[in-house]
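Read through the structure below, which is laid out as structure tokens, and then see the notes.
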Amino acid sequence: MESTPQAFRVKAVAMANETQKHLNGDFAQVQAIVDDAELVVAVWQDPNEPNGVGTMLIKGNQSLREIVASDQERTQRVAAIPCVSAEQAEVLRQVAGEKDRRH
């Protein structure tokens, strides 16, 4: 995959759309998706964002820092969760994201 913000956004939207097909409204299902992945991003439609799509990292801050610091590629389990808004994504980050977040 091309490593540009736009390429990432396109891939994240495709992943979130695929995830949406399997969601049944049970939050435990969403939590299981987050728990199973190393990197999780929330995706929502937003006319104020580039190309109408907003994204937020839900899980994987430390992992991304390690990758950047090592300057080496690393395979990760990645998931994208569809959200209705940035506010819902923020709640998802707080409730289901990494419990030991260090900024």
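Rounded to the nearest 20 debye, the dipole magnitude of segment 1-48 is 200 debye, with +1 charges on Lys and Arg beta carbons, -1 on Asp and Glu beta carbons, and the Cα centre as origin. Of all the stretches in the chain, which is the longest one without any exposed loop site, taking trypsin sites (Lys or Arg not before Pro) in a DSSP loop (any state but H, G, I, E, B) with at most 16 other Cβ atoms within 10 Å? Segment 1-73 is the longest.
In Å, what Kirkwood hydrodynamic radius results for segment 14-61 from the alpha-carbon pair distances?
11.8
Projected label points at Glu38 and Gln94, each 7 Å from Cα along the beta carbon direction, are separated by 3.0 nanometres. Helix-only arithmetic for the chain: the sum of -39500 (n - 2.57) across DSSP H runs with n ≥ 4, divided by the residue total, places the mean residue ellipticity at 222 nm at -15000 deg cm²/dmol.
Where in the chain lies the longest segment free of GluC sites (Glu not before Pro) that are both loop residues by DSSP (not H, G, I, E, B) and have at most 10 other Cβ atoms within 10 Å? In short, 3-72.
Here the Karplus relation 6.51 cos²θ - 1.76 cosθ + 1.60, evaluated at θ = phi - 60°, turns the backbone of segment 39-52 into coupling constants of 10, 10, 10, 8, 9, 8, 7, 8, x, 8, 9, x, 6, x Hz, with x for every Gly and Pro. What the chain shows is 66 Å² of accessible area per residue, with the surface traced by a 1.4 Å probe over protein heavy atoms. In a reduced charge model with +1 at each Lys and Arg Cβ and -1 at each Asp and Glu Cβ, segment 1-98 shows a dipole moment near 100 debye about its Cα centre.
The values are calculated or read from the model by the stated rules, or taken from the named source; none is laboratory data. Source: prediction; values computed, not measured. Glycine gets a Cβ as well: all are built from the backbone with ideal geometry, and neighbour counts include every protein chain shown. The protein model used for the area step is the full one, side chains on, heavy atoms only, and it has no ligands, DNA or RNA in it. Shrake-Rupley method; radii C 1.70, N 1.55, O 1.52, S 1.80 Å.
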